[in-house]
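In what follows, a structure is listed as structure tokens, so that the remarks can point back to it.
The values are calculated or read from the model by the stated rules, or taken from the named source; none is laboratory data. Bear in mind that the values here come from a model prediction, so they are computed numbers and not experimental data. All Cβ positions, glycine included, derive from the backbone under ideal geometry; neighbour counts span all protein chains shown. Side chains are part of the model used for accessible areas, which takes the heavy atoms of the whole protein and leaves out ligands, DNA and RNA. Shrake-Rupley method; radii C 1.70, N 1.55, O 1.52, S 1.80 Å.
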Amino acid sequence: MFGYVTAQLKLLTDEQRRRYNACYCGLCHTLHERHGLLARMTLTYDMTFLVLLLNSLYEPYELSGEAKCPAHPIRQRGYWQSKITDYAADMNIALAYLNCRDDWEDDIDIAALAESKLMEASYKEICEKYPRQCGVIEQCLAELKAIEDSFKLEPDAAARSFGKLMAELFGYKEDRWSEDLRGLGMALGQFIYVMDACIDLKDDKRYYKYNPFYHLYGRLDEQKRFEDILQMIMGECVFWFDRLPIVRDAG
């Protein structure tokens with residue numbers, strides 16, 4: 001369900017593109033440093049966006065450098081990290097672990113079970129460090145699973161559950177920006193859920209999997225309805241984003 005919040009690289013300047021790529025590489029390095037080599041495989045663009053957002057808002061000290069990695073073993077690539085990168089890496093692992101557990105419980109996916117076992121120790125440490133975030137993530141995923149298991153077509157309820165999950169991730173700490181960050185996370189989480197449902201609708205129908213938008217399947221205006229919903233939710237994202245004093249990396 002993750003990986004939709006990507007940058008439009010063609011619209012960025014060369015400097016912006018280097019900054020974005022260095023943020024992505026920094027998160028990858030941090031995952032390796034904090035949680036081992038396997039953790040790099042869980043890296044998502046969504047958490048890269050979260051690093052850029054929170055880093056631009058709180059402006060912590062950044063450590064930058066160049067290094068080689070398994071994905072780029074020949075040439076060194078620039079990266080930068082901050083305490084925000086550490087936070088995003090931990091949240092990345094928490095989401096990856098719980099997603100693997102969900103795949104195991106839903107589909108009896110042995111590979112997902114094995115992967116979750118490799119992340120279990122890291123997840124327990126993250127829960128001790130961030131009990132608020134991990135508690136809400138687990139609660140929201142349980143709510144979402146209950147909706148999906150009931151097979152009730154409740155798109156608003158399902159999207160809200162995932163939205164609350166993202167809202168808590170965006171709530172890095174309790175301060176004057178927490179309400180606006182949670183508002184943005186809530187809207188973005190709903191957008192991600194609806195986008196995922198839109199893309200998966202045909203396959204979900206074919207394999208009898210849960211999708212809250214079955215009522216749109218096969219309609220002549222199916223694509224237009226999804227576009228309208230997604231644009232409405234993205235408008236909410238923009239509203240909350242514009243309330244934050246983002247200057248650096250706003251593009």
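Computed values, structure above
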item: Estimated FRET transfer efficiency when R0 is 22 angstrom, pair R75-L37 (beta carbons, to 0.05); result: 0.65
item: Rounded tilt (10° steps) of 83-107 against the dominant C-alpha axis of the chain; result: 30 degrees
item: At R0 = 45 Å, FRET efficiency that the Cβ-Cβ distance of E179 and K68 yields, to 0.05; result: 0.60
item: Nearby lysines by direct alpha-carbon distance to K129 (threshold 19 angstrom, same-chain neighbours under 8 apart not counted); result: K83, K173
item: Between the range 192-251 and the range 81-117, the Cα center-to-center distance that results, in Å; result: 23 Å
item: Separation of the V247 and L12 label points, Cα + 7 Å toward Cβ, nm; result: 2.1 nm
item: Label-reachable residues, the range 200-219, where backbone N falls under 12 Å from a point 7 Å from L153's Cα toward its Cβ; result: 211-219
item: Full-extension gain in nm, R206 to E138, via 0.36 nm per residue minus C-alpha separation; result: 21.6 nm
item: Helix axis angle, 131-150 relative to the chain longest principal axis, alpha carbon, degrees; result: 20 degrees
item: Average accessible area per residue (Å²) across the range 1-107 - probe 1.4 Å, nucleic acids and ligands excluded; result: 51 Å²
item: Candidates E15, E154, E143: whichever shows maximal mean-square fluctuation once the chain is modelled as a Gaussian network with Cα springs under 10 Å; result: E15
item: 10 Å-binned pair-distance histogram of the range 1-158 (Cα, whole percent); result: 10, 34, 34, 18, 4, 0
item: Student exercise, the range 102-251 dipole from Lys, Arg, Asp, Glu Cβ charges, in Debye to nearest 20; result: 360 debye
item: Tail beyond 13 Å, pair distance distribution of the range 77-118 (Cα, percent); result: 58 percent
item: Helix axis angle, 45-58 relative to the chain longest principal axis, alpha carbon, degrees; result: 60 degrees
item: Theoretical FRET efficiency, 1/(1+(r/R0)^6), r = Cβ-Cβ of K145 and K124, R0 22 Å, to 0.05; result: 0.55
item: Percent accessible area from carbon and sulfur atoms, the range 75-194, protein chains only, probe 1.4 Å; result: 50 percent
item: Proximal lysines relative to K209, as straight alpha-carbon distance under 21 Å, when same-chain residues fewer than 8 apart are discounted; result: K145, K152
item: Cα-Cα separations in the range 71-226 greater than 22 Å, expressed as whole percent; result: 51 percent
item: Charge dipole (debye, nearest 20) of the chain; +1 at Cβ of Lys and Arg, -1 at Cβ of Asp and Glu; result: 680 debye
